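Let me begin by presenting the structure, written as structure tokens, before commenting on it.
None of the figures in this text is laboratory data; all of them are computed from the coordinates on show. Being a predicted model, the structure only gives us computed values, none of them experimental. Cβ placement follows ideal geometry from the backbone for every residue including glycine, while neighbour counts extend to all protein chains displayed.
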Amino acid sequence: MTDGLKEFKATLVAILGNDALSDEKNILTTYGQDDSFTPFQAPALVVWPETTVDVQKIMQAALKCAVPLVPVSSGPSHRQHGDTVPTRTGTVVVDLSNMDKILRIDRTNRVVMVEPGVTWAQLMPEVDKQGLRLLHPLCPRKDKSVLASALEREPTSIPRYHWDASDPLLCTEIVFGTGDLFRTGSAAGPGSIEEQLATGQAQKNPMGPTQFSLFQTIQGAQGSLGIVTWATLKCELKPTRQKMLYAQAGDLHALEGLAASILKFRIGDEVFIMNKAAFASFLNKSTSEASWKEWVMPVTLAGRGRFASDKVAYLEADLLNLGQKYALDLQPELTGVDNSDVLSRFQGTSEKPWPYGFKGSCQSVFCITTIDRAGDFAEKVKQSLASDTLVDYGFYIQPLVQGCNCHFEVQLYYDPRHPEAGHAVDAAFKKVTRLLFDLGGFFSRPYGNWAKEAYDRVSPGIVTVLNKVKGILDPHRVLKPGALCFKEES
């Protein structure tokens with residue numbers, strides 16, 4: 001342990017106590033790896049803050065001792081993208097999982113305020129009691145941080161409520177790499193949060209303060225600019241009546257027109273497209289059980305309140321008319337599929353990431369494109385993987401921002417007990433990544449090795465500007481050194 005780390009540890013013990021940190025090897029090992037192919041690198045220390053003040057003190061000690069920090073908030077199982085694995089020795093992991101308070105659920109304003117350690121499994125039932133539902137990714141992992149999902153812009157499953165790429169994130173409280181505390185949007189003031197609440201404010205406007213919408217700068221930064229200590233998130237009213245309809249096709253191109261019309265007229269709630277392999281994985285079934293066509297598009301129709309059934313009825317009629325227009329037969333059931341099970345998975349959590357249901361593990365490559373290009377992307381990926389006999393793959397296409405674009409995900413399934421399958425998937429992962437870049441896919445969440453490729457393909461001016469932002473918010477590069485396009489200090 002270096003002198004700087006020794007001083008850092010002694011400082012934190014004096015401030016937070018022995019129980020707030022650990023350098024036990026078995027604990028450090030769990031933070032040194034994840035389910036990606038990122039090389040193992042254990043941190044030197046793990047610290048568990050419990051308050052915003054604790055986070056500030058940790059940041060100030062790190063600045064004084066020149067110790068790099070990596071913030072983590074989700075549970076230890078099945079982290080997937082390598083973004084929380086340290087990239088160099090002597091790193092300290094700041095585990096925010098003990099900051100797990102649900103600070104407020106406001107039904108009137110349809111907003112919740114949570115700390116970073118609050119998980120989907122913890123928050124979903126509490127929100128449900130208030131007649132609300134969260135705008136969440138499809139069947140999120142139960143110990144995944146709600147706040148981390150929003151900061152990473154993970155795709156939500158109801159595009160009609162996705163008004164902006166930043167949704168559902170609203171206001172935030174951040175400790176920057178300078179040690180300074182800052183609040184974004186209407187939470188910035190005037191007045192304290194308590195004073196704002198007393199006057200009926202709900203910290204729901206994310207823009208500002210003034211013309212400076214800093215929450216959008218923090219979002220997607222993977223913890224490299226600051227540590228968010230709480231955030232407010234949008235909710236919607238829970239439906240009282242729901243009905244499922246399914247469209248199927250042998251060719252993805254056949255579903256593109258129907259999907260675009262559904263999104264244009266905002267007919268469905270949950271809307272997405274999967275191929276047979278991905279949908280079977282989502283339902284924890286084998287493809288041998290699936291008698292569906294190659295591509296499946298579930299659509300959930302929902303109504304609330306007194307006229308819920310009437311609304312579902314007219315939405316169903318509109319959807320069936322659209323199906324006729326595109327020569328697609330929409331059915332209320334799929335063979336071997338229980339609609340109540342599908343709805344429960346839409347609105348619940350999973351023990352592990354749902355793509356793991358196919359073979360036990362999965363590597364996903366994802367980017368953003370448009371619905372009308374999804375079929376071409378899928379065909380090109382199929383052609384590139386045609387000779388990879390050890391690789392099974394699936395597709396998950398999630399419309400975003402009311403259909404303006406979509407999350408296009410290639411899932412590469414493998415059994416983690418078979419090393420040769422893992423090597424084949426690693427090679428396929430790199431090949432598909434390069435292909436999606438070449439096809440024009442936008443990598444808005446460039447993890448690990450994607451980052452160099454993503455920033456090599458943009459204007460050098462963008463990288464220059466982002467490094468200037470890093471120099472303002474984290475001038476000593478203590479937060480995740482080398483992440484994204486941020487150069488380490490020479």
### Query
Once the other residues with Cβ under 13 Å from the Cβ of Val342 are scored (Lys, Arg +1; Asp, Glu -1), what is the net sum?
-2
#### Entry: Listed residues His81, Tyr326, Thr30: farthest to the positive end of the dipole of the chain (Cβ charges)
Tyr326
### Task
For the chain, just the Cα set please: Rg and Dmax, both in angstrom.
22.9, 72
### Message
Going by average Cβ density within 10 Å per residue, which order do the peptides 141-152, 121-132, 52-63 take, highest to lowest?
### Response
141-152, 52-63, 121-132
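Within a Cβ distance under 12 Å of Phe215, other residues only, what is the Lys/Arg minus Asp/Glu net charge? List each step's numbers first, then the result.
On the way: positive: Arg153, Arg183; negative: Asp164, Asp167, Glu173.
With Lys, Arg at +1 and Asp, Glu at -1, the neighbours total -1.
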### Query
Rounded to the nearest 20 Debye, what is the dipole magnitude of the chain about its Cα centre when Lys and Arg each give +1 and Asp and Glu each give -1 at the C-beta?
620 debye
### Query
Which value in nm describes the separation of the simple spin-label points at Thr2 and Asn284, placed 7 Å from the Cα toward the beta carbon?
4.6 nm
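Using a simple charge model, +1 on the beta-carbon of Lys and Arg, -1 on the beta-carbon of Asp and Glu, nothing else, what dipole does segment 325-367 show about its Cα centre, in debye to the nearest 20? Mind dumping the intermediate values first?
Details: 4 positive and 5 negative charges, 48 e Å.
For this selection, approximately 240 debye.
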### Query
Given 0.36 nm per residue, what is the gain on full extension from Leu197 to Ser213 after removing their alpha carbon distance, in nm?
3.6 nm
### Task
Place +1 on the Cβ of every Lys and Arg and -1 on the Cβ of every Asp and Glu in the chain, take the dipole about the Cα centre, and give the residue among Ile262, Leu147, Ser157 whose Cα lies farthest towards its positive end.
Ile262
### Task
Please give the helix 419-439 orientation as an angle from the longest Cα principal axis of the chain, in degrees from 0 to 90, rounded to the nearest 10.
80 degrees
### Theoretical ellipticity at 222 nm over the chain - DSSP helices of four or more residues, -39500 (n - 2.57) apiece, nearest 500
-10000 deg cm²/dmol
## Note on the structure
Among Asn339, Val465, Phe486, the residue whose Cα sits farthest towards the positive end of the charge dipole of the chain (+1 at Cβ of Lys and Arg, -1 at Cβ of Asp and Glu, taken about the Cα centre) is Val465
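Under the 0.36 nm per residue contour assumption, what length would be gained going from the current alpha-carbon distance of Phe442 and Lys238 to full extension? Numbers along the way, then the final one.
Values: separation 204, 0.36 × 204 = 73.44 nm, distance 3.27 nm.
So the extension gain works out to 70.2 nm.
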### Query
Dividing the Cα convex hull volume of segment 295-443 by residue count, how many Å³ per residue is that?
152 Å³
### Inter-centroid distance (Cα atoms) of segment 340-354 relative to segment 165-219, Å
32 Å
### Query
Among residues other than Val432 whose Cβ falls under 12 Å from its Cβ, what is the net charge (Lys/Arg +1, Asp/Glu -1)?
+1
#### Entry: Dipole magnitude of segment 102-237 about its Cα centre (Cβ charges: Lys, Arg +1; Asp, Glu -1), debye to nearest 20
380 debye
### Euclidean distance of C-alpha centroids, segment 234-311 and segment 29-58, integer Å
38 Å
